[in-house]
Amino acid sequence: MKKLLDYFWPLVGLVAVVASFYLLYHEFQGESVGTEVWTALNNISVSHYVFAGLSTLIAYAALAWYDRIALLYLGVTNISWPFISLCSFTTYALSHNIGASVFSGAMVRYRAYSTKGLTAGQVAALVVLCSYTFGFGNVLLGGALLTFDPTLMSRLSGLLPEQVTNPAAALTVGLLCLAGVGVYVVGSLLRLKPLKIGKWTVVYPGPEIMVRQLFAAPLELIGAAGIIYFALPVEGNPGYLVVLGTFLLSFSAALVSHAPGGLGIFELLFIKIVPDVARVKVLAALLVWRLFYLIIPLLFALVVVALFERDKLAETLRKARHDEADS
């Protein structure tokens, strides 16, 4: 059985590569890029493309920090930053495009981290903590944005009930989000026992973990939203805070949908929430985001996974030949 499993996981990894290429093909096929969109893309300055690229690096560096924080929580300190960064990059590049990020992320991480001695239970805990850190960043940033500018929710008028989009309700939601973050921070500092809310259990990590989460969690979202902000034209640009708030909502909805890359859902919400910019220019900015945040990372990730699985399969075959020779 163990020998069968040695062959099974490399084959699963290779199937994931083929499936990703299939999804990548449909990603290009599903995009409608007309003359006006190409014109809008050409009108984006080189400097703004550079800033969009730097924003991408910030986002993926923060995602690597997610893994590092989770490993520190598990007490694992013997894995190098380059390995963590490559594993995290590959994981998110695939899961963002494939969808079902918890499952696909767990599979890729297990294949990588098991070579460093982590058990399936440890990898599962790492995946949960990374997802929690992402959610924590959404709550923290969302609460801060709604408290600072409650009128942001008015952009959803017509999509959501008026009771939700009015500034008073938005301010209340923002304050509640920040209060939840405050409880988490205090619970961590005082090292309180886990808080149980129905079926949910909030475990307070030590302050050394919590402080890292406070910075890492928002950083990825700030970087990812920066790609779109720099790709939008100066004329009619609603400002970074509006772009960030729109990104939080659109990206979260896309993740919940489990659609590969959130295709369609992400664009629809962004266009509806940012009506001040010409539709074609918003589409161009979102294409830049997909290129920088999804497509280019996916291409690199597919190469990394293919090389990794090729080496693992070759190692399994060498081991099999060695066992046959010994017998």
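Just so it is clear, none of the values below were taken in a lab; they were calculated from the coordinates. Model, not experiment: these values are computed from the prediction. Cβ sites come from the backbone with ideal geometry, for glycine too, and all protein chains shown count toward neighbours.
All distinct Cα pairs of the range 44-305 go into the 1/r average, and the inverse of that average, the Kirkwood radius, is 19.2 Å. Dividing the mean sequence gap of close Cα pairs (under 8 Å, 6+ apart) by how many residues the range 44-305 holds gives a relative contact order of 28 percent.
Here the range 44-305 is assigned +1 on the Cβ of each Lys and Arg and -1 on the Cβ of each Asp and Glu. Its dipole about the Cα centre then comes out at about 620 debye. One chain, two ends: V186 and R318. Fully extended at 0.36 nm per residue, the span grows by 42.1 nm beyond their Cα-Cα distance. The Cβ shell under 15 Å around V183 holds other residues with a net charge of +3, Lys and Arg each +1, Asp and Glu each -1.
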